[in-house]
Amino acid sequence: DRCEREALHILNQWQTMADVLLSGVLEINVHGAVDLPRMDYFGLCDPYVVITVDGFEAKTEVKKTTLDPVWDEMLRIPTFLPPLKPSAAISEKPMIVAKVYDWDKVGEHDLVGSVIIPLEDWITRGPEKAEWEIVGEPEKLRSLHPG
């Protein structure tokens, strides 16, 4: 009985180590965006991108006074992928959430728009596109180029 419990404990330790080994770092090259909406008083935008995966986030630099920012930044985010059943609901699966914000010196930064990509799809098949439409207010829909 004691040997059985010790064996089970060791097996659980190996499973935990295997889960850590299956984790990795997701690298996303955020290239730029085109024709962002005018967000500031003077008709420009100070955009930056925040990418969130399973509670971890990474941000690009703020690009001042531009509607066509180019970041060319590689963002690295740790990923931990527990095995999921193919039949798992989409709400249970980790997502890549990319949000474009307009930086403001005073007050909250304004959300320009966002895009959501299933992490499992990105990892198993790679990015199927090189460009996504960001979703925001109807007058703010523009293209986000991840690079």
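The values are calculated or read from the model by the stated rules, or taken from the named source; none is laboratory data. Since the model is a prediction, treat every value here as computed from it, not as a measurement. Neighbour counts are summed over all protein chains in view; Cβ atoms, including those assigned to glycine, are modelled from backbone coordinates with ideal geometry. Only protein heavy atoms, including side chains, enter the accessible area calculation; ligands, DNA and RNA are left aside. Shrake-Rupley method; radii C 1.70, N 1.55, O 1.52, S 1.80 Å.
What chymotrypsin sites (Phe, Trp or Tyr not before Pro) does segment 32-66 have in DSSP loop regions with at most 11 other beta carbons within 10 Å? Walk me through the numbers on the way to the answer.
Values: sites: Tyr41, Phe42, Tyr48, Phe56; in loops: Tyr41, Phe42.
Within segment 32-66, the qualifying chymotrypsin sites (Phe, Trp or Tyr not before Pro) (loop, at most 11 other Cβ atoms within 10 Å) are Tyr41, Phe42.
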Per-residue accessible area, 1.4 Å probe, largest first, puts Trp122, Trp103, Trp71 in the order Trp103, Trp122, Trp71
